Amino acid sequence: MSPATNRKPRSRSHQRQFPAAASPGPETKNQKPKTKNQKLPLIVALTGASGSIYGIRLLQRLRAFPAIETHLVISRNAEKVIALETDWTPARIRKLADRCWDPGELAAPIASGSFRTSGMAIAPCSIKTLAAVAGCHAADLVSRAADVTLKERRPLVLLVRETPLHVGHLRCMLEAAQAGAVILPPVPAFYARPRSVADLVDQTVGKVLDVLGLDDPDYRRWRGV
């Protein structure tokens, strides 16, 4: 008889046992199940480039989407630009958002990939912020949240506001795009026959919403000739 025939079946005590599921801790017990009406967070960041009005107008337009919960970060340089370019104050802008975070608060929920969001828009996006995103240099909450958005394969829209551009700027745009970001400079579309600066801003903001998968009924699309 072969050795294989003489081998005795293993007893239950010797069979591999998997550990029993751990009992839920206090955090799991108290966690509320998700409902269909729960809002999906979307991150908006304003940085120190010219064009603060793009971020402000985006926040205003997002209020028309009840399923979206806006999380806002305003950088220190953005606060200075806001005062120079607009009649708005950072405090007034923060009232447009559902939740606000300090740019140095790296323990905020939006700094973690486990916190689910529908994406992020940086409007406007300074070259400094673009370089941080392209180089994975998460030194503040804006760049960290952007890096998280990319690694989790969520849409990241960068309204890069600079001109003219040298090869370093272009290289950063390429690297950010290769990582998954959408480079969306605020370039106006004149087929919509804009009559004011507000029309130009709204056309760009409508494009941002489009990229984020939000259907803005006021966005003027090209219908052909």
Being in contact with a His (Cβ under 9 Å, 6 or more places away or on another chain), among the aliphatic types (A, V, I, L, M) and closer than 28 Å to Ala111 by Cβ narrows Ala131, Ala176, Ala146, Ala138 down to just Ala131
Region 207-220 residues that are surrounded by fewer than 19 Cβ atoms within 10 Å (Cβ to Cβ), paired with ones that are in a helix (DSSP H, G or I) and polar (S, T, N, Q) (beta carbon under 8 Å, 6 or more apart):
Tyr219/Gln203; Arg220/Gln203
Can you pull out every residue in region 73-85 that is crowded, with 22+ Cβ neighbours inside 10 Å and within 15 Å of Gly104 (Cβ to Cβ)?
Val73, Ile74, Ser75, Ala78
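May I ask you to say which residue of Ala181, Ala176, Ala189 is of a type in the set (A, V, I, L, M, F, W, C), farther than 30 Å from Pro66 by Cβ and surrounded by 13 or more Cβ atoms within 10 Å (Cβ to Cβ)? Walk me through it before giving the result.
On the way: Ala181 fails: farther than 30 Å from Pro66 by Cβ; Ala189 fails: farther than 30 Å from Pro66 by Cβ.
Result of the check over Ala181, Ala176, Ala189: Ala176.
Residues checked against (1) in contact with a helix residue (DSSP H, G or I) (Cβ under 7 Å, 6 or more places away or on another chain); (2) under 18 Å from Val211 (Cβ atoms):
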residue	(1), (2)
Lys151	no, no
Arg161	no, yes
Leu165	no, no
Cys172	yes, no
Gln178	no, yes
Leu184	yes, yes
Tyr191	no, no
Arg195	no, no
Leu200	no, yes
Of everything in region 105-149, what is surrounded by fewer than 19 Cβ atoms within 10 Å (Cβ to Cβ) and aliphatic (A, V, I, L, M)? Give them in sequence order.
Leu106, Ala107, Ala111, Ala131, Ala138, Ala139
Among the numbered conditions (1) part of a helix (DSSP H, G or I); (2) surrounded by fewer than 19 Cβ atoms within 10 Å (Cβ to Cβ); (3) of a type in the set (A, V, I, L, M, F, W, C), tell me where Leu58 comes up short.
(2)
Return the residue satisfying two criteria in turn: it lies in region 65-99 and is assigned to a loop (DSSP other than H, G, I, E, B) and under 18 Å from the mean Cα position of the chain (by Cα), and of such residues it is nearest to Arg161 (Cα to Cα).
Ser75
Within region 44-59, does at least one residue satisfy the condition of being over 19 Å from the mean Cα position of the chain (by Cα), closer than 17 Å to Glu162 by Cα and of a type in the set (Ser, Thr, Tyr)?
yes
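Values quoted throughout were computed directly from the atomic coordinates according to the rules given, and no laboratory measurement underlies them. Small disclaimer: the values here were computed from a predicted structure and weren't measured. Because the Cβ atoms are built from the backbone with ideal geometry, glycine has one as well, and the counts that use them run over all protein chains shown.
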